[in-house]
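Here is the structure we will look at.
The values are calculated or read from the model by the stated rules, or taken from the named source; none is laboratory data. Note that the structure is predicted; figures quoted are calculated from it, not measured. Don't worry about glycine lacking a Cβ; one is built from the backbone with ideal geometry, like all the others, and counts go over all protein chains shown. Each accessible area value is taken on the protein alone, full model and side chains, heavy atoms only, with ligands, DNA and RNA left out. Shrake-Rupley method; radii C 1.70, N 1.55, O 1.52, S 1.80 Å.
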Amino acid sequence: MVKVVGIKFEDNNRIYYFSPNALNIKIDDYVIVETERGLQYGKAVTEIIEENKDKVFFPLKNVIKIADNKDHKQNEKNIKDAEKALAFAKSQVEEEELDMKFFEASYTFDRTKLIFKFIADERVDFRELAKVLASKYKTRIELRQIGVRDEVRKIGGNGLCGRELCC
């Protein structure tokens, strides 16, 4: 058994487990966590619990800190700036006549990376677009192609069974 806390991120309904790192985390606390993508802002959806080691992916990443007002403001700024970046990227796609549809943009909490998600039927050469985005936003740009099912999952919808779409 290992002590963990369940965290959800805005762009995903899955619960990810992190080490509480000796912090007193309660349900509905907003926290800053270390992820493979960089620092992220998330919400605790469980208390600190003990979970079987086979249900947790190791190495377990840490909760860095419980978010304060400054962190909340930074997250709001990141969301607003990502929306502006998404609008700019969409205009660049039209200008360069690329066959892709941008779906979402998001900054890592520490703004070291700006991630764009897009849908395209075929492979797209977006090297010039990536250069334009990197020069404008002065941060690392990641363009991630997602499938139509991912888009539907993000938008939300119901399947024939009446449950939320799972595929």
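Restricting attention to region 65-96, report how many residues are in contact with an Asp or Glu (Cβ under 6 Å, 6 or more places away or on another chain) and under 25 Å from Thr139 (Cα atoms).
Number satisfying all stated conditions: 0.
When you scan region 97-115, how many residues do you find that are touching a residue at least 12 places away in the same chain (Cβ under 8 Å), under 16 Å from Arg127 (Cα atoms) and open to solvent by 30 Å² or more (accessible area, probe 1.4 Å)?
Adding up the residues that qualify gives 3.
Does any residue of region 148-158 turn out to be modelled with pLDDT under 75, farther than 12 Å from Leu98 by Cβ and either in contact with a helix residue (DSSP H, G or I) (Cβ under 8 Å, 6 or more places away or on another chain) or part of a loop (DSSP other than H, G, I, E, B) (or both)?
Yes: one or more hits.
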